[in-house]
Each structure stands twice: as C-alpha cells, then as structure tokens.
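The values are calculated or read from the model by the stated rules, or taken from the named source; none is laboratory data. Being a predicted model, the structure only gives us computed values, none of them experimental. Note that we place each Cβ from the backbone using ideal geometry, even for glycine, and neighbour counts take in every protein chain shown. Each accessible area value is taken on the protein alone, full model and side chains, heavy atoms only, with ligands, DNA and RNA left out. Shrake-Rupley method; radii C 1.70, N 1.55, O 1.52, S 1.80 Å.
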Protein chains: 2
Amino acid sequence: MTRVVLHDYFRSSASYRVRIALNLKGVAYERHEVSLLNGDQKSEAYRAINPQGFVPMLEWDGQRLTQSLAIFDFLDSHVKEPPLVPGDPDGRAHVLSLALTIACDIHPLNNLRVLKYLKNELGHEQAEVDAWYRYWVVEGLAALEALAAPRAGAFLYGDTVGMADICLVPQLFNARRFDVPLDAYPTLLRAEAASLALPAFAAAHPDAQESAA
Amino acid sequence: MTRVVLHDYFRSSASYRVRIALNLKGVAYERHEVSLLNGDQKSEAYRAINPQGFVPMLEWDGQRLTQSLAIFDFLDSHVKEPPLVPGDPDGRAHVLSLALTIACDIHPLNNLRVLKYLKNELGHEQAEVDAWYRYWVVEGLAALEALAAPRAGAFLYGDTVGMADICLVPQLFNARRFDVPLDAYPTLLRAEAASLALPAFAAAHPDAQESAA
C-alpha cells in the first residue's frame, strides 16, 4: 500500500488543486497542514524536507514531489483513471495551455508572498494590493475565457473534467475572496459549476478542511 | 511537410525556450517577430490569432499553440527524439518540477508587463523595479539550485539535456541583464555552460536573432 502524505495549506490554490486531483483519482492520503499564516513553511523542520518552503508537497512512498502541475503528471503515470489530460497530443497541448494560463499567468502574481512584498517591502496600502490582485486576475481570466470557449463543453475542454478545471476552481474561489466580478466569463462559470457538483471537488474545498473549522 | 511558424520576440524568455526546443528537435520553422517593445502584441492582427497577445505562439500546420511548456509537450508527442523529459515517471516529475520552478515561481513575476505595471501604475523608480526583479530571481534560483543539485550531472537532470535546461538558460540570460550575482548556484552554472555549448542553444540565443542586428 502506497503511503501518500500531502503537505498543504487549506486556502493555498495550488494545494487545493492537488487535493482535487487526489480525490478524482481516488487516492487516499494523509494531510499535513503547513500554516502559511503562522509561517510554518519557514520552519526548520519543513525546510529540511522542502528547501523552497512552498506548499503543496506530496510524499509518495517517501518520494517528495513539488509543483502542482508536475504532481498531476506523476499521478497520471501512477493512477491511470481518470486521466487528467486528454490522450491525443492536440487535446493535451490545449488543456495544458489552459492550466498553464492559470498556473503561470495569474496565480504567481497573486500569491501570498507577492502580496506581502507589495505591502511590506514596497509600502502599498491594502487598496493598492487589492487592485493589483484584481488586475492580474481580470487579465488572466479574460485570456482564459477566450482560449477555452471554442472547445469547452460542460467543462473547460469538452464534457470531461480535467487538469484545466482543477486549476480553474481554486482560482475562481480566490477571485471571489477579492470580489472580482466574474460575469464576463460564462465558459469559466459553467465549468466551475459542473466541477463543484463533483464530490472530488467538494471534498477538496478549503472550507471542508480541518483547519478551516 | 509540416509548416511551422513561431511568433516570438528575440528577448522574450519563453520565446527563447521554444526556439531552443525546436532546434533540439531539428524542426525547421519560420520566425515571425512580434516586437514587445513596439507593442506589436497588442495589434489587431496579432490579437485576431492570439487573443491573449502573448508570445510565443507556435503555429503547427495551422494549429495555434500557446504556453511554452504546453508546446514542449506537444513537440515531444510529434517529434520523439530527443525527448525533452525523461521517460520514467519519477524523472519526469522531477524535471517538470524544475521547469515549473522557473516558469511559475520566477519568470511570471519578472516579465515585461509586470515591470511596466510597477513603474507606470504603481509609480516605482527603476531602482525599486530592479530590486523587485532581483529579489524573485534570487529566491527562485536558490530554490532551483537546492532542488536540482542532488540529481544533476552535466545538465540539470543527469547528463542529458532537457526541459529544465531549456527553461534555465533564458532565465540566467535575463538574470545577467539585471546584474544578479550567480556564484551561489554552481549546479545551475554548470548546466548552463553545458547547454550553451550545444548548437541548438547557440542558434536560439537572442543575439543570434535577426531583429537583434
């Protein structure tokens, strides 16, 4: 029996992604919370196993895996069903580009360490930090809507849930926390609703994690 | 004969990555420069084929592909040799995590649109923008060095060039433009030197592109 431990934080987008993927694959895992709010990611104990000090990190029979999109690829190799990306090269490239639009063009600009730098190092007020957050989300979601719409179905790519949806749902959860209006993205909202109806997504939601109690 | 057109900008990191990958695979391509300096990426003509207005975009027999890491995956499907990621799941996950550390944790914070926002929207002096640039590069390269060192050889993963090296070389090129000291990253410097000795990398270098003349 494979021992799987997920080091995560309940509200971290990339952690939320990995919880969804593990649930979709039906992989049972122990959860080890690393509180970003308390700075646990900078603790000596955590740095010893993950020098970068980021979440999520997945331990798979002792092997340590970082970067949510690399973890998806690893999971697809080890647990075939359901695949997180389509089998055909064109579909793969499309779904990967949707996921990467979120993972490279939106999320890195808006994660906690960046918002903290704007506030603490550059001295910005919360209103300016919020405006920064919204600016990159709106830029990114508009691009994603345009990219996804032509080939979307119930989900971002056809009628099968996959890696793009897994990245989308946490991003929209975060966008709502910052009161970003989402009406301009009907394709994204449709895929989000279809995803959230699945138990794998519901169980991965930040509010469903123990620390959120 | 497949018609391959790369829409790129000579100094864009992600474009530089794709040129390297195409060269390694021996794929002949036409290059269509989109000058980020002149704002060509915002032109109606370019937005019509790429609504996000980013480079690179690869046209492969008319199919339009965005996101450099998705393009690598597509290339690996269509042109098997040399593979850009290892065949075994563990090696794959490791190389993908190295590439994603660059593509998600460093590059998005430092690309032109972000530096422009800091300057124009938030009113920062060039010195503050440069400090921002260096801060994220140093954070990211330190993480990458720690992550890569245990399994590196001549290249970032063993003695075979791959996707991680393809992402590394443009990132270090950029770091040097901003005078970031690199002595603390011997593994990265070794992989960079081995990579730059390959004709595929030399031919992809920004200075070797026509617009750089």
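Couple of notes before you dig in:
- Counting only residues that are open to solvent by less than 70 Å² (accessible area, probe 1.4 Å), out of contact with any helix residue (DSSP H, G or I) (no Cβ under 7 Å at 6 or more places or on another chain) and in contact (Cβ under 8 Å) with a residue 12 or more places away in the chain, segment A:190-213 holds 5 of them.
- Unique match (being in contact (Cβ under 8 Å) with a residue 60 or more places away in the chain and in the same structural domain as A:Leu172 (by TED's automatic domain parsing)) among A:Val114, A:Val95: A:Val95
- For segment A:117-137, the set of residues classified as at the interface with chain B (Cβ under 8 Å from one of its Cβ atoms), within 21 Å of B:Val137 (Cα to Cα) and among the charged types (D, E, K, R) consists of A:Glu121 only.
- Failed item in (1) free of Cβ contacts under 8 Å to residues at least 40 places away in the same chain; (2) closer than 26 Å to A:Ala175 by Cα; (3) surrounded by fewer than 21 Cβ atoms within 10 Å (Cβ to Cβ); (4) not hydrophobic (A, V, I, L, M, F, W, C), with A:Arg11 passing the rest: (1)
- Checking the stated criteria, B:Ala164 turns out to be within 13 Å of chain A (Cβ to nearest Cβ), of a type in the set (Gly, Ala, Ser) and either closer than 13 Å to B:Ser195 by Cα or under 14 Å from the mean Cα position of the chain (by Cα) (or both).
- Within segment B:14-38, being among the β-branched types (Val, Ile, Thr) and farther than 15 Å from B:Leu75 by Cβ holds for one residue alone: B:Val34.
- Scanning segment A:66-81 for residues that are touching a residue at least 24 places away in the same chain (Cβ under 8 Å), assigned by TED's automatic domain parsing to the domain that holds A:Arg176 and under 13 Å from the mean Cα position of the chain (by Cα) turns up nothing.
- Qualifying helices (runs of 4 or more DSSP H) (wholly inside segment B:11-112; at least 3 residues being at the interface with another protein chain (Cβ under 10 Å from one of its Cβ atoms), within 23 Å of B:Ala202 (Cα to Cα) and out of contact with any strand residue (DSSP E or B) (no Cβ under 7 Å at 6 or more places or on another chain)): B:68-78, B:89-105
- Scope segment A:122-166; condition open to solvent by 40 Å² or more (accessible area, probe 1.4 Å) and of a type in the set (Ser, Thr, Tyr); matching residues: A:Tyr135, A:Tyr157, A:Thr160
- Some residue of segment A:147-158 being modelled with pLDDT of 95 or more, within 9 Å of another protein chain (Cβ to nearest Cβ) and either over 19 Å from the mean Cα position of the chain (by Cα) or more than 30 Å from A:Val4 (Cα to Cα) (or both): yes
- Flag if A:Asp179 is surrounded by fewer than 14 Cβ atoms within 10 Å (Cβ to Cβ), outside the structural domain of A:Asp76 (by TED's automatic domain parsing) and of a type outside the set (Gly, Ala, Ser): yes
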